[in-house]
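So the structure is just underneath, and the comments pick up after that.
Here, each number is a calculation from the coordinates, and none is a lab measurement. Values in this document were obtained by computation on a predicted structure and should not be read as measured data. Positions of Cβ are generated from backbone atoms using ideal geometry, with glycine treated the same way; all protein chains shown enter the neighbour counts.
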Amino acid sequence: MTAPMKAIRVESPGAGYRLVLADLPRPKPGPGEVLIKMAGAGLNRADIAQSMGMYPPPPGAPDTLGMEVSGTIAEVGPNAGVWKVGDAVCALLGGGGYAEYALASIDCLLPVPKGVGQVEAAALPEVYFTVWTNLMDTARLKPGESVLIHGGSSGIGTAAIQLCATRGHTVFTTAGNAEKCAACVSLGATRAINYREEDFVDVVKAETGGKGVDVILDMVGGDYIQKNMSAAAIWGRIVNIAYQQGMQANVNFAPMLMKRLSLLATTLRARSNAEKRVIRDEVLAQVWPLIETGSIKPVVDRIYPLADAQAAHQRMAASEHIGKLLLKAD
Ligand SMILES: NC(=O)c1ccc[n+]([C@@H]2O[C@H](COP(=O)([O-])OP(=O)(O)OC[C@H]3O[C@@H](n4cnc5c(N)ncnc54)[C@H](OP(=O)(O)O)[C@@H]3O)[C@@H](O)[C@H]2O)c1
């Protein structure tokens, strides 16, 4: 008989959703999979949308919330390559992370970087897969170029600031209060813009001598779609990973023509394991060494017991956090 495990179940999906601890069967790893005994699980804003019934997991992924975990390998399936029971790992998942055990494809598996705690390692996969592929593959960020990262104090933003600053880019970022702006500067941002008090287009233009920025990573959308075009330099690339302020906008496309801009958008979760493996290899080769030498650190806001997932969601929904919110196994 399959052993049970504790996992978080979404009760009453919708605006008043509740996250409750429940018993689920412990999954068995199939070919190319491992079973991870969870030490830490990362929250992502998409988990809130999923709990509200607005963001179903991709086909084949578990219904349980959770797109990243860290822990130790408890069991390996057939063809699991070099991985063995007891290895300390973290992984990007299609789902299933809010649980004592989670299945991961070996294509999305990484060792816990040296110097990073077993629980804290859960803060790394989703942000660095996303930031790396969107800045480097999609926006083709080149050495010496400037960037604007919206939502600098988010999980994604704190990772993007550190990666870009460490690689020598001038980094502009937006955040919603003075404390968040100060955190962004301490992570390496050249200039943090309190978007409630300052116009980011004016600041970017003033600080770049009117040129604008080469690459913009945006999770806001809405009226930022037009404003990003104003803040972009000639041949600028704007990549959206979310549209929190709206997917629709009345846009004047003239700056696209006049400045030869590219408007891009991607999602990570629905991509094939083969695509994710290519990103994993780049993250392992390019980002992991920066973490192991201490140039980049996981930015962890708070760690909650798995059973308190609802409280963690409330903190994220209220946008009170700076960096990543995590769950831990006990
Ligand atoms: N496409 C993909 O593959 C992909 C992958 C991962 C994440 N994402 C998306 O990326 C976003 C960040 O994810 P996360 O998990 O890191 O979430 P998070 O920590 O909750 O961050 C959301 C951020 O949005 C910021 N924000 C909201 N309105 C803003 C505005 N008008 N101007 C500037 N910033 C604003 C918030 O900043 P304040 O609190 O200061 O307002 C907050 O820092 C989410 O929307 C998520 O769905 C997409």
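Our helix-only sum for the chain, with -39,500 (n - 2.57) per DSSP H run of n ≥ 4 divided by its residues, gives a mean residue ellipticity at 222 nm of -6500 deg cm²/dmol. Counting charges near Ser272 (Lys, Arg +1; Asp, Glu -1) among other residues having Cβ under 14 Å from its Cβ returns a value of +3.
Mean silhouette area of the chain, derived from the convex hull of its C-alpha atoms and averaged over all directions, reads 16.3 nm².
The long axis of helix 155-166 is offset from the longest Cα principal axis of the chain by roughly 60 degrees. Here's the picture: charge each Lys and Arg Cβ at +1 and each Asp and Glu Cβ at -1 in the chain, and of Trp288, Ser319, Pro13 the one pushed furthest to the positive end of that dipole is Trp288. Against the empirical curve 2.2 N^0.38 Å, the C-alpha radius of gyration of the stretch 128-265 lands at a ratio of 0.93.
Each other residue within a Cβ distance under 9 Å of His321 adds +1 if Lys or Arg and -1 if Asp or Glu, for a net charge of +1.
What whole-number distance in Å separates the alpha-carbon centres of the stretch 1-68 and the stretch 117-155? Each part reduced to its Cα centre gives a spacing of 24 Å. Rounded to whole Hz and in sequence order, give me ³J(HN,Hα) for the stretch 129-140 from the Karplus expression 6.51 cos²θ - 1.76 cosθ + 1.60, θ = phi - 60°, writing x for Gly and Pro. Residue by residue, the stretch 129-140 yields 4, 5, 5, 4, 5, 6, 6, 8, 7, 7, 8, 6 Hz.
Among the aspartates and glutamates, select those whose C-alpha is under 14 Å from the C-alpha of Lys28, and discard any that sit fewer than 8 residues away in the same chain. The reachable aspartates and glutamates, counting only those whose Cα sits under 14 Å from Lys28, are Glu75, Glu100. Working from label points 7 Å from Cα in the Cα-to-Cβ sense, the Arg196 to Glu275 distance is 3.7 nm.
Counting pairs on different chains as well as pairs 8 or more places apart, how many Lys pairs in the stretch 128-265 have Cα atoms under 20 Å apart?
Final tally of qualifying lysine pairs is 7.
Within the shell defined by Cβ-Cβ distances under 10 Å, the residues around Gly151 carry a net charge of +1, with Lys and Arg each +1 and Asp and Glu each -1. Take the convex hull of the alpha carbons in the stretch 1-75; its mean projected area over all directions comes to 5.7 nm².
The length gained by stretching the chain between Arg315 and Arg260 to full extension, at 0.36 nm per residue less their Cα-Cα distance, is 15.8 nm.
Evaluate the charge dipole of the stretch 128-265 about its Cα centre and quote only its size in Debye, nearest 20, assuming +1 on the Cβ of each Lys and Arg and -1 on the Cβ of each Asp and Glu. It works out to roughly 360 debye. At an R0 of 35 angstrom, the distance between the Cβ atoms of Tyr17 and Glu207 translates into a FRET efficiency of 0.25.
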